[in-house]
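Worksheet: the structure to be examined is printed underneath.
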Amino acid sequence: MKIALMDSGIGLLAATAAVRRLRPDADLVLSLDPAGMPWGPRTPEDLTGRALAVAEAAAAYRPDALIVGCNTATVHALPALRTRLEPDVPVIGTVPAIKPAAAGGGPVAIWATPATTGSPYQRGLIDDFAAGVDVTEVPCWGLAEAVEHADEPAIAGAVAAAAALTPDEVTTVVLGCTHYELVADRIRAALHHPGRPPLVLHGSAGAVAAQALRRIGSRPAPEAPATGSVTVLLNGRESALPAAALTYAEGRLLQAVTPAQ
């Protein structure tokens, strides 16, 4: 089994780690676009072109499925990616977990990039899955970029700024950018109020990994031997994981596997 994942940067690590935990025997192909990161500020046309290039680099390794480990790329490029690659390679997008978050009924905050916050796409998800629930959209200025570079002071500042925009009564937070899942503990700590239960955070990595297995007719096998290899592509060229990836538990998990030959 071979699963490919794509993103502009290391935001794909959350879904990659989820796939690794479900299937330690799966070979992984990680295709990144460091020359074009971040994708958020780009026009939809430019972003789609870059996403197609990253996807085609991964597809050359003949994966069984491709996960788009990026919310922004899913919004703008998923139809083009599916047109280009399916049915040969099933393409699985990443959608903010608004539906399960809203099911709890409590006030919800959606932390997302400024480009996604207030977008018709996100508003459509809120209308479809969170009708009648108090939802606050929180733009997280600079957080994805800070996470990408493992810039601790910048991460702390961006998390604090977004926390200040989050109403105190919020009980549930949707992590609407895959990069944010890498610092979920810091987000939870920033939003915790003494004497109140910890907030519930909803990411997408676990659901996306499970959906990828379903699309290829496979099942989770977390007890399988950890024999899966990892191939990293940076703008189409085989390379090592960016150094910043190894500051996160999800990145270090991938070091403990057989390197690709």
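Counting only alpha carbon atoms, the long axis of helix 205-215 and the longest principal axis of the chain meet at about 40°. For the stretch 146-250, what class follows from the C-alpha gyration tensor (a ≥ b ≥ c being the square roots of its eigenvalues): rounded when a/c is under 1.5, otherwise prolate if a/b is larger than b/c, else oblate? Judged from the Cα gyration tensor, the stretch 146-250 comes out oblate (a/c at least 1.5, b/c at or above a/b).
The angle separating the long axis of helix 44-59 from the principal Cα axis of greatest extent in the chain is about 40 degrees.
For the stretch 157-196, with equal point scatterers placed on the C-alpha atoms only and solvent neglected, what are the log10 I(q)/I(0) values from the Debye formula at q = 0.33 1/Å, to two decimals? Taken in order of the listed q values, log10 I(q)/I(0) reads -1.42.
Taking the average, over residues, of other Cβ atoms within 10 Å as the packing measure, peptides 112-125, 29-42, 225-238 rank 29-42, 112-125, 225-238 from highest down.
Placing +1 on the Cβ of every Lys and Arg and -1 on the Cβ of every Asp and Glu, with nothing else charged, gives the chain a dipole about its Cα centre of roughly 560 debye.
In terms of its alpha-carbon gyration tensor, the stretch 1-109 comes out oblate; a/c meets the 1.5 threshold, while b/c is at least as large as a/b. Rounded if a/c is under 1.5, else prolate if a/b beats b/c, else oblate: with a ≥ b ≥ c from the C-alpha gyration tensor eigenvalues square-rooted, which is the stretch 185-244? Oblate. Estimated from the Cβ-Cβ distance and a Förster radius of 30 angstrom, the FRET efficiency linking SER229 and THR136 is about 0.10. Rounded to the nearest 5, what is the percent of antiparallel bridges among the DSSP beta bridges in the chain? Just about 10 percent of them are antiparallel.
Taking only protein heavy atoms into account and a 1.4 Å probe, give the accessible area per residue of the chain in Å². That works out to 43 Å² per residue. The length gained by stretching the chain between ALA240 and ASP88 to full extension, at 0.36 nm per residue less their Cα-Cα distance, is 52.0 nm. Model label sites at ALA156 and ALA35, defined 7 Å from Cα along the beta-carbon direction, differ in position by 3.6 nm.
Compared with the dominant Cα axis of the chain, that is its longest principal axis, helix 71-85 is turned about 30°.
Under the criterion of Cα pairs below 8 Å and six or more residues apart, the relative contact order for the chain equals 28 percent.
The values are calculated or read from the model by the stated rules, or taken from the named source; none is laboratory data. Because the structure is a prediction, the values reported are computed rather than measured. Note: ideal-geometry Cβ built from the backbone for every residue, glycine included; neighbour counts use all protein chains shown. SASA here: full protein model, heavy atoms, side chains in, ligands and nucleic acids out. Shrake-Rupley method; radii C 1.70, N 1.55, O 1.52, S 1.80 Å.
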